[in-house]
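To start, the structure itself, in structure tokens.
The values are calculated or read from the model by the stated rules, or taken from the named source; none is laboratory data. Since the model is a prediction, treat every value here as computed from it, not as a measurement. For neighbour counting, all protein chains shown are included, and Cβ atoms are generated from backbone atoms with ideal geometry for every residue, glycine included.
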Amino acid sequence: MARNESIIDIEGKQLRVSNLEKVLWPEAGFTKGQMMDYYARIAPVLLPHLKGRPLTLKRYPNGVNGMHFYEKNCPEHRPEWVQTAPIWSPGNNKWMQYCLAQDLPTLVWAANLADIELHTSLSKSDEMMRPSFIVFDLDPGEPANIVDCCRVGLWVREVFEQLGLKAFAKTSGSKGLQVYVPLNTPVTYEQTKPFAHELARVLERQHPELVVSDMKKVLRTGKVFVDWSQNDDYKTTVCVYSLRAKARPRFQRPLPGMKLKSA
């Protein structure tokens with residue numbers, strides 16, 4: 001065994017870890033070991049949002065300033081106790097084996113792979129064509145900021161309140177805000193995506209001074225782009241409490257008073 005490797009026991013499962021002192025966030029001096037510690041500590045509130053959802057790994061082997069890659073197929077060298085789910089990929093015309101982060105050992109294992117960001121589907125693996133949420137990613141174009149995103153988020157919430165539905169917000173860990181609407185009635189993406197698109201257009205018509213529904217960046221200056229396009233079975237969103245690969249180790253979190261619930 002290399003000297004920078006060790007074997008740890010997590011809930012009765014053996015895991016080989018390595019390079020714990022490797023700095024992944026140079027500006028903050030934040031190491032891989034500290035990242036693994038964060039995920040272990042936050043696991044009680046994070047794992048319910050990961051359970052049953054196909055996980056796409058976003059790995060930064062050389063830290064946030066280095067190259068990164070997405071890994072949809074769960075690595076073949078995974079421990080035997082890491083659970084997976086077969087998901088059909090039309091783009092690749094084959095079945096993909098996605099990781100399922102069902103427990104603390106799997107979460108720490110993923111962190112050991114420098115999987116800084118946790119990207120999950122809006123669906124659970126056993127019903128991939130049934131979304132659990134409608135989601136809106138509110139992205140500010142300078143000089144618009146997070147305060148403007150909060151204004152738009154409240155407008156989104158008001159729309160769903162009129163429909164008898166609740167909306168929950170979380171920070172993105174970057175510049176913007178995300179609003180989730182849990183769905184307890186069986187629907188498909190063919191229903192939720194055009195609905196989300198039309199709602200974004202309605203907000204744009206009602207508040208043209210601040211809201212834009214078109215994703216062209218040239219239109220976003222000083223406005224909040226209401227990104228409706230995430231409502232698709234092949235898209236993923238960053239999970240709540242996930243760290244972000246920014247200059248400093250920020251993380252996603254529900255806003256106070258608007259607790260995010262996992263359907």
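Among the residues of segment 50-72, are any without any contact (Cβ under 8 Å) to a residue 12 or more places away in the chain and either part of a helix (DSSP H, G or I) or among the charged types (D, E, K, R) (or both)?
No, segment 50-72 has no match at all.
Against the condition more than 17 Å from SER242 (Cβ to Cβ), touching a residue at least 12 places away in the same chain (Cβ under 8 Å) and aliphatic (A, V, I, L, M), how does ALA111 come out, does it pass?
No, not satisfied.
From the residues in segment 218-263 that are among the aliphatic types (A, V, I, L, M) and over 16 Å from the mean Cα position of the chain (by Cα), which one is modelled with the lowest pLDDT?
Let us first name the residues in segment 218-263 that are among the aliphatic types (A, V, I, L, M), namely 218-219, 224, 226, 238, 240, 243, 245, 247, 255, 258, 260, 263.
Next cut, over 16 Å from the mean Cα position of the chain (by Cα) only: 218-219, 224, 226, 247, 258.
Details: VAL218: 89, LEU219: 91, VAL224: 98, VAL226: 98, ALA247: 94, MET258: 45.
The qualifying residue modelled with the lowest pLDDT is MET258.
Test GLN230 against the stated conditions and say whether it is in contact with an Asp or Glu (Cβ under 7 Å, 6 or more places away or on another chain), closer than 30 Å to ASN93 by Cβ and surrounded by fewer than 20 Cβ atoms within 10 Å (Cβ to Cβ).
Taking the combined requirement at face value, the residue satisfies it.
Have a look at LYS72, LYS51, LYS94 and point out the one that is charged (D, E, K, R) and surrounded by 16 or more Cβ atoms within 10 Å (Cβ to Cβ).
Just one listed residue meets the conditions, LYS72.
For ILE116, are the conditions met, namely being closer than 25 Å to ARG248 by Cα, touching a strand residue (DSSP E or B) at 6+ places or on another chain (Cβ under 6 Å) and in the same structural domain as SER18 (by TED's automatic domain parsing)?
Criteria met by ILE116.
Among what's in segment 167-198 and is without any contact (Cβ under 8 Å) to a residue 40 or more places away in the chain and surrounded by fewer than 17 Cβ atoms within 10 Å (Cβ to Cβ), pick the residue that is farthest from HIS119 (Cα to Cα).
GLU198
Just give me the residues in segment 46-93 being among the aliphatic types (A, V, I, L, M), touching a Pro at 6+ places or on another chain (Cβ under 7 Å) and under 23 Å from SER174 (Cβ atoms), in sequence order.
None; the set is empty.
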